[in-house]
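As structure tokens, the structure follows; a few thoughts come after it.
Here, each number is a calculation from the coordinates, and none is a lab measurement. Computed from a prediction, not measured in an experiment: that's the story for all the values here. Note: ideal-geometry Cβ built from the backbone for every residue, glycine included; neighbour counts use all protein chains shown.
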Amino acid sequence: MSIRERLSGNEACAIAMKQINPDVVAAFPITPSTEIPQYFSTFVSNGAVDTEFVAVESEHSAMSACVGAEAAGGRAMTATSANGLSFMWEMIYIASSMRLPIVMSLVNRAVSGPLNIHNDHSDAMGVRDAGWIMLFSENNQEAYDNLIMAHRIAENENVMLPLMVCQDGFITSHSIENIELIEDDVVKDFVGKYEPKHYLLNDKEPVSMGPLDLQSYLFEHKKQQSQAMYNAKQVILDVAKEFEKITGRKYSFFEEYKLEDAEIAIVCMNSTAGTTKFVVDNLRKNGVKAGLLKLRVFRPFPAEEIAKALSHLKAIAVLDKSDSLNATGGALFTDVTSGLYTNNVQVPTLSYIYGIGGRDTKASDIESVFEDLSNVVSSGKLDNPYRYLGLRG
């Protein structure tokens, strides 16, 4: 039997960490992720877990401690946001290059500057090519579920890559929702015990970690990372099937919401999907064949699968909650259009930058996107594909 609770996204993530009971959690407080290690520290202090909690002096040190713990053979977790993730930047790359399956809860927030503590996806997009698996969560339930699945994905012998679970700062991290928790013993059995093959404290196999890697080998090692990311696609699906058996909740690379017979659709990530579903439902009542593709897995990017899911549409809008500042749309738009092109799918596609610094995205804003798509279909003209949503002036 599942356990019904009312929790914020941060509380849900902390409870998932408690049920996983990692060997080490190292963290430094930063809004809006502070509550996750704060809640978890109470589980440490009251003996609910036997985790070694390391209260470090910075986010760089937090990821460094996680790297050390994983390299030594332990299971390590952390949480951060925005500038904290930026401060980890060097160690983010080291974690992935050393093939250490660290799991991090990333509560998405705008990266300075100017200073802003509210939600957009600039932090996650800043490390999208760092070699981490990246899962996005529409609501508190998905943030919790993604964390429960995270270690099974990251620690698979054909993957061995770090993984971050993203959720929207304040919008889900601090909002309380109904949630279905899994029993502690079921989580323990599902996640399993971490048994690495190669680690520093294995006295039967002396190894070195993070050695100098010059021209003769670095290229090949990067290719191995790329292959591991490709391998993660099947592992993500396999783990999701096992998760469905114990919870009844089904996950894949993305969710297709009323997409099968849609003519126009939006592609987006995280909490904006909830608003988009509301708009899609209203438009359907008025005879508009609108749909949504909500992306859950951003890295590895499921280009072929997305192209297939969108191939029947007449027009598409891709919503990015971060601007790549490249004059050609956001990162999600670039990946989606590349995936369409390389899979021989030609559908008019608009890029919308929205929600920067926590700017509210209302149902009326999403409705305007669908109106633009309808105009593209009726006129046959795309005009300027690079647009902004909710921008004043």
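Which distance in Å, rounded to a whole number, links the C-alpha centroids of segment 113-133 and segment 309-362?
If you average the Cα positions of each part, the centres end up 17 Å apart.
Of all beta bridges DSSP finds with both residues in segment 3-247, what is the antiparallel percent, to the nearest 5?
Details: 6 of 26 bridges.
That works out to approximately 25 percent antiparallel.
Under a 5 Å amide H to amide H cut-off, with H placed in plane at 1.01 Å, what residues pair with Val267 once short-range neighbours are removed?
Amide H neighbours of Val267: Leu293, Ala317, Val318, Leu319.
With the cut-off at 23 Å, tell me which of the pairs Lys294/Lys314; Lys285/Lys381; Lys233/Lys294; Lys250/Lys277; Lys241/Lys308 have Cα atoms farther apart than that.
Violating the 23 Å limit, Cα to Cα: Lys285/Lys381.
At 25 °C and 0.890 mPa s, what whole-number value in µm²/s does Stokes-Einstein give for the translational diffusion of segment 74-202, with Rh from the Kirkwood sum over Cα pairs?
Values: Rh = 15.4 Å.
My calculation gives 159 µm²/s for D.
Treat the chain as a sphere of radius equal to its Kirkwood radius over Cα pairs and apply Stokes-Einstein at 20 °C in a medium of 1.002 mPa s; give the translational diffusion coefficient in µm²/s, rounded to a whole number. The partial results should precede the final answer.
Values: Rh = 21.5 Å.
Using the Kirkwood radius from Cα pairs, D works out to 100 µm²/s.
Kindly put Lys308, Lys294 in sequence by how many other C-beta atoms sit within 10 Å of each C-beta, fewest to most. Display every interim value, and only then the final one.
Values: Lys308 13, Lys294 22.
If I rank by nearby Cβ atoms, fewest first, I get Lys308, Lys294.
How far is it, in nm, from the label point at His198 to the one at Lys285 when both lie 7 Å from their Cα along the line to the Cβ?
The two pseudo-label positions are separated by 5.9 nm.
Counting only other residues whose beta carbon sits under 14 Å from that of Phe28, what net charge do I get with K and R as +1, D and E as -1? Can you show the working numbers first?
On the way: positive: none; negative: Glu35, Glu57, Glu59.
Combined, the nearby Lys, Arg, Asp and Glu give -3.
Ser216 versus Arg249, label points 7 Å from Cα toward the beta carbon: distance in nm?
About 4.9 nm separates the two model spin labels.
Using a Gaussian network model of the chain with C-alpha springs under 10 Å, which one of Arg109, Arg249, Arg99 is most mobile by mean-square fluctuation?
Of the options given, Arg249 has the highest mean-square fluctuation.
For Ser175, what residues show an amide H to amide H distance below 5 Å, using hydrogens built from the backbone and excluding near sequence neighbours?
Residues meeting the criterion, in which the H sits 1.01 Å from N, are Gly9.
Show the residues, 5+ positions off or on another chain, whose built amide H is closer than 5 Å to the amide H of Ser322.
Under 5 Å from the amide H of Ser322 lie the amide H atoms of His121, Tyr354, each far enough along the sequence or on another chain.
Mind giving me the FRET efficiency for His312 and Glu205? R0 is 56 Å, r the Cβ-Cβ distance, nearest 0.05 is fine. Write out the running numbers ahead of the final one.
Numbers: r = 53 Å, r/R0 = 0.94.
Result of the calculation: an efficiency of 0.60.
Please arrange His121, His174 by counting, for each residue, the other beta carbons lying within 10 Å of its beta carbon, fewest first.
Details: His121 30, His174 16.
Lowest to highest Cβ neighbour count: His174, His121.
DSSP H helices in the chain with Cα extent of 30 Å or more along the helix axis and mean Kyte-Doolittle hydropathy at least -1.0? Write out the running numbers ahead of the final one.
Working: long enough: 218-247 (42 Å, -0.64).
Helices passing the filter in the chain: 218-247.
Between Glu52 and Ser368, how high is the FRET efficiency from 1/(1 + (r/R0)^6) when r is the Cβ-Cβ distance and R₀ = 51 Å? Nearest 0.05.
Values: r = 51 Å, r/R0 = 0.99.
Efficiency, rounded to the nearest 0.05: 0.50.
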